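The values are calculated or read from the model by the stated rules, or taken from the named source; none is laboratory data. On a predicted model such as this, the values are computed, not experimentally measured, just so you know. Neighbour counts are summed over all protein chains in view; Cβ atoms, including those assigned to glycine, are modelled from backbone coordinates with ideal geometry. These area figures cover heavy atoms from the full protein model, side chains too; ligands, DNA and RNA do not enter into them. Shrake-Rupley method; radii C 1.70, N 1.55, O 1.52, S 1.80 Å.
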Amino acid sequence: MGSFDLILLLKTAPGLSLALLLAAMGGLTSERSGIINIALEGKMLISCCVTALMSVAFGPWIGLLGGIGAAVVLAMLHAVLTQMYRVDHIVSGMAINIIAFGASNFLDKKFTDINRTGEIPQLPFEFYYVAAFALPLVLWLYLRRTKGGLRLWAVGNDPDKARQMGVDPVKVRYLALLATGVFCGLAGAWLVTNAGRFVDGMTAGRGFIALAALILGGWRPIPAALACIAFGLLDSIQLQLQGSKLLGAGIPSQFWNSLPYLATLIALAGLLGRNRAPAGLGKP
Amino acid sequence: MSTIVSMTGITRRFGAVTALDQVDLQVEAGKIHALVGENGAGKTTLMRILYGGLDADAGVIEVEGQSRHFRNSAEAIASGIGMVSQHYSIIPELTCLQNLMLGAEPGLWIAERDAEARATELATRMGFEFSWRAPAGSLSPAGAQKLEILKLLWRQARIMILDEPTAMLSPADGDALFVSLKQLAAEGDTIILVTHRLPEVLQHCSHVTVLRGGRNVAHAAIGEHETPDAAQLAAWIVGHEVPEVQIEAVAPGKPVLEIRSLRVRGDRGEEAVKGISLRLHEGEVVGLAGVDGNGQRELFQALIGVGTVLEGSVLLDGRDVTRDGPVERLRQGVRLIPEDRHEEGVVEDWSLELNAALGLQRLEPLRSGLWVDVGERRALAGAIAERFRTKHGGLGLPMRSLSGGNQQRFVAARALALKPRVILAFQPTRGLDIEGTLAVYAALRETCRREGVCAIVVSFDLDELLEQCDRVVAINGGALFEPKPGEERDRAAIGRLMVGAA
């Protein structure tokens with residue numbers, strides 16, 4: 001079956017997993033607090049765009065901060081919609097994705113200098129590697145061993161009972177979404193750093209794949225991280241198998257392209273692991 | 001004797017309704033103080049004001065001699081007042097230890113081993129035992145109650161308010177709870193017990209305050225001279241003498257409903273009903289005593305035709321109806337007073353009139369060809385509302401406009417309408433006051449006697465069943481236990497059957 005390079009596979013997989021890892025951890029804090037988050041995609045995308053634009057203008061660190069800031073703004077919008085105005089979580093998530101898609105497209109068209117379409121300044125890749133692979137461990141410890149983690153877990157399971165015990169669910173959820181914004185912002189910044197430039201719709205459904213990984217991992221940081229790495233592997237296998245012949249038959253590249261999405265679909269359809277969902281998911 | 005909690009002249013209005021009118025409550029330190037009254041008498045409102053969940057419009061609260069005004073429950077806890085509400089605030093997905101700590105964590109970083117040691121120490125002092133790392137969802141009702149009490153102790157509460165703590169417990173667990181409460185009182189803690197079970201008050205409490213219609217009716221010490229008896233207490237609560245229930249013995253007629261070694265699967269795939277056999281005769285009201293979650297729900301589901309029957313059969317008037325669905329069962333005369341009237345009993349946005357016909361719409365005389373006879377429907381709704389004197393503002397108004405107790409009256413009356421054959425009543429008097437309770441049971445018995453039908457009543461209150469039913473059987477772990485001959489009315493014996501300790 002053509003040339004299958006294991007070394008290349010192992011080299012590319014972590015990079016492809018990074019954005020998924022960061023976004024999935026963002027999804028984790030949100031969904032553990034009880035807020036269904038299908039807006040990881042939009043939050044990543046807006047960060048991609050703002051990071052690209054601001055890095056060119058002000059350098060990589062300001063670019064990163066800008067990207068995170070933009071994702072946090074969308075996350076706070078999500079919090080206000082669901083907590084203050086009691087908008088359905090799916091509907092508000094949809095709205096945020098649409099806003100992010102339109103806004104990133106608009107900003108890109110408006111501010112991209114045609115004379116400077118070159119590479120954007122980048123932070124060292126190691127920065128993102130360390131952040132993405134340390135985050136699940138940190139979150140695992142946070143959930144198991146700290147006051148804030150216990151409260152996050154409790155609010156996601158039963159906001160009313162948590163309130164009776166003197167915990168303020170709304171405050172917990174705002175903080176959880178703040179973290180979602182930060183992590184999705186990081187994920188977006190990594191995507192654009194890795195790609196070198198902003199492309200319209202460049203997240204290409206990674207927000208949803210991250211959500212699928214989260215669900216597959218039963219809303220727990222370590223299993224969810226492993227699921228992200230698995231999806232990353234799948235992606236890099238897919239890249240290698242494109243154009244190769246399997247059992248003598250030429251399989252169209254679109255088939256391989258669709259593999260990660262197919263796996264996502266199966267996971268999101270809830271065939272696997274729905275029963276471990278936080279009990280208060282989607283409750284006001 | 002020092003007064004630790006003193007509430008004077010407490011008044012609280014909700015709109016035009018005065019829920020509390022100049023109510024006083026004096027509680028002595030180190031005592032178990034009972035607060036009794038009917039639903040709507042203001043007990044819970046008064047306790048919520050003390051606990052910081054509600055504001056009083058007027059009145060003074062003093063705790064340990066100091067004037068206090070709690071704006072939220074966190075402030076009340078900080079002053080040593082804790083409350084266990086009727087619906088536990090335990091989160092089943094968390095471990096017991098996490099539930100214990102939630103809201104009062106030892107610090108930003110939780111050293112689980114230290115916390116566990118402290119928790120165990122607290123539990124040992126009370127004579128409780130917990131596996132702290134196990135999910136709290138695995139606790140029995142009694143275990144959950146104990147955990148709730150430990151949660152108060154963890155928060156260093158010295159004044160504990162318990163709202164109907166024995167409502168979900170078996171008699172033995174209830175007695176054990178009072179042993180613990182007495183120990184706490186002996187150590188100087190103060191307990192305010194909100195209850196409607198009068199034997200508890202007389203046996204275990206040292207003082208009782210009676211509220212009726214938002215006013216103080218009586219205050220008495222128990223165990224001294226002039227101790228009120230149960231009849232006196234009941235008269236205070238209701239406002240006049242309560243006639244003692246006399247059940248006229250009935251010679252059982254021919255069998256109506258026969259359950260033959262029925263096995264039913266529960267929601268989680270487990271076998272919830274494990275081979276129950278029971279025969280009900282014409283005119284008979286049978287009480288099904290048991291702690292919540294022992295298969296009562298699944299048994300009823302199977303009897304109305306929505307449960308998953310694994311084995312066994314249900315016979316109605318000698319005919320096998322095991323495979324018939326709910327529509328067929330309704331036509332055959334199976335009627336249900338469901339456990340949760342909001343969710344299963346009524347459509348709250350519909351009018352009373354539509355709700356009266358809900359489920360009965362296919363039956364004569366409501367049906368006329370493909371149409372519903374609107375005139376008959378209105379007449380039926382009127383009769384149902386009349387039966388237990390449901391207070392309503394018009395049959396065209398939505399169900400939502402009725403209070404919980406009135407909805408329950410309506411749902412109970414509906415089950416008795418249009419020629420029932422078998423009446424399945426799941427806690428039919430939940431949320432009703434004493435008079436409502438008596439009326440519902442009297443009507444159940446009367447319907448059964450007059451129309452030759454039978455009824456099964458599920459209740460978690462054994463005393464109520466013993467008082468009101470022709471005979472009582474116990475359910476435990478999905479199996480049925482009939483009391484031995486001679487012990488049919490023996491509270492202790494049936495109580496043992498309820499927990500499988502016979």
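Descriptive notes on the structure:
- One equal scatterer on each Cα of the range B:112-187, no solvent, Debye formula: the resulting log10 I(q)/I(0) at q = 0.19, 0.20, 0.23, 0.27 Å⁻¹ is -0.84, -0.93, -1.22, -1.55.
- Looking at the range A:1-104, the chymotrypsin sites (Phe, Trp or Tyr not before Pro) that sit in a DSSP loop and have at most 13 other Cβ atoms within 10 Å of their own Cβ are A:4, A:85.
- Over the protein assembly as shown, dividing the summed -39,500 (n - 2.57) contributions of all DSSP H runs of at least 4 residues by the number of residues returns a 222 nm mean residue ellipticity of -15000 deg cm²/dmol.
- Between residue B:66 and residue B:310, the distance separating the two model label sites (each 7 Å from Cα on the Cα→Cβ line) works out to 5.9 nm.
- Across all Cα pairs in chain B, the calculated P(r) in 20 Å bins from zero up to the longest distance comes to 21, 52, 26, 1 percent per bin.
- Note on residue A:76 and residue A:261: with the Förster distance fixed at 30 Å, the Cβ-Cβ geometry gives a FRET efficiency of about 0.50.
- Projecting the Cα atoms of A:57, A:262, A:183 onto the charge dipole of the protein assembly as shown, computed from C-beta unit charges around the Cα centre, puts A:57 farthest toward the positive end.
- When you restrict to C-alpha pairs under 8 Å that are six or more residues apart and normalise by the size of the range B:1-145, the relative contact order lands at 20 percent.
- Taking the Cα atoms of the range B:439-502, the ratio Rg/Rh between the radius of gyration and the Kirkwood radius comes to 1.00.
- For the range B:281-298, Karplus couplings with θ = phi - 60° (6.51, -1.76, 1.60), whole Hz, Gly/Pro x: 10, 4, x, 9, 10, 10, x, 10, 8, x, 6, 3, x, 10, x, 4, 4, 5
- Residues residue B:378 and residue A:98, FRET efficiency given R0 of 41 Å [Cβ-Cβ distance, rounded to 0.05]: 0.25
- Taking all protein chains as they are arranged and a probe of 1.4 Å, the heavy atoms of residue B:347 leave approximately 50 Å² accessible to solvent.
- Accessible area per residue (1.4 Å probe, heavy atoms of protein chains only) ranks B:116, A:119 as A:119, B:116, with the largest value leading.
- Rounded to the nearest 20 debye, dipole of the protein assembly as shown from Cβ charges on Lys, Arg, Asp, Glu: 2040
- GluC sites (Glu not before Pro) restricted to DSSP loop in the range B:219-309 with at most 15 other C-beta within 10 Å: B:224, B:226, B:241, B:244, B:248, B:270
- Straight-distance crosslink candidates among lysines, where the alpha carbon sits under 26 Å from residue A:161 and sequence neighbours closer than 8 are dropped: A:147, A:171, A:283, B:43, B:146, B:151
- From the Kirkwood radius over Cα pairs of the range A:63-139, Stokes-Einstein at 25 °C and 0.890 mPa s returns a whole-number translational diffusion coefficient of 160 µm²/s.
- Distance (nanometres) between label positions extended 7 Å along Cα→Cβ at residue A:195 and residue B:117: 5.5
- Average other protein chain Cβ within 10 Å of Cβ, residues A:147-156: 5
- Dipole check for the range B:288-366: with +1 at the C-beta of Lys and Arg, -1 at the C-beta of Asp and Glu, and the Cα centre as origin, the magnitude is about 320 Debye.
- Equivalent ellipsoid, the range A:8-161 (semi-axes from 5 times Cα gyration tensor eigenvalues, Å): 29, 22, 13
- Accessible area in the full protein assembly, largest first, 1.4 Å probe, for B:349, B:461: B:349, B:461
- For the residues B:151, A:171, a 1.4 Å probe over the protein chains yields an accessible-area ranking, largest first, of A:171, B:151.
- Tensor-based shape of the range B:347-459 (alpha-carbon gyration tensor, a/c under 1.5 rounded, otherwise prolate or oblate): oblate
- Estimated Rh, the protein assembly as shown: Kirkwood, alpha-carbon pairs, angstrom: 30.3
- The mean number of partner chain beta-carbon atoms within 10 angstrom of a residue's beta-carbon across peptide A:56-69 is 0.
- Summarising the label geometry, the points placed 7 Å from Cα in the beta-carbon direction at residue B:203 and residue B:18 lie 3.8 nm from one another.
- Other protein chain Cβ atoms within 10 Å, averaged over every residue that makes up B:95-106: 4
- Folded to 0 to 90 degrees: helix B:404-415 orientation relative to chain B principal axis, Cα: 20
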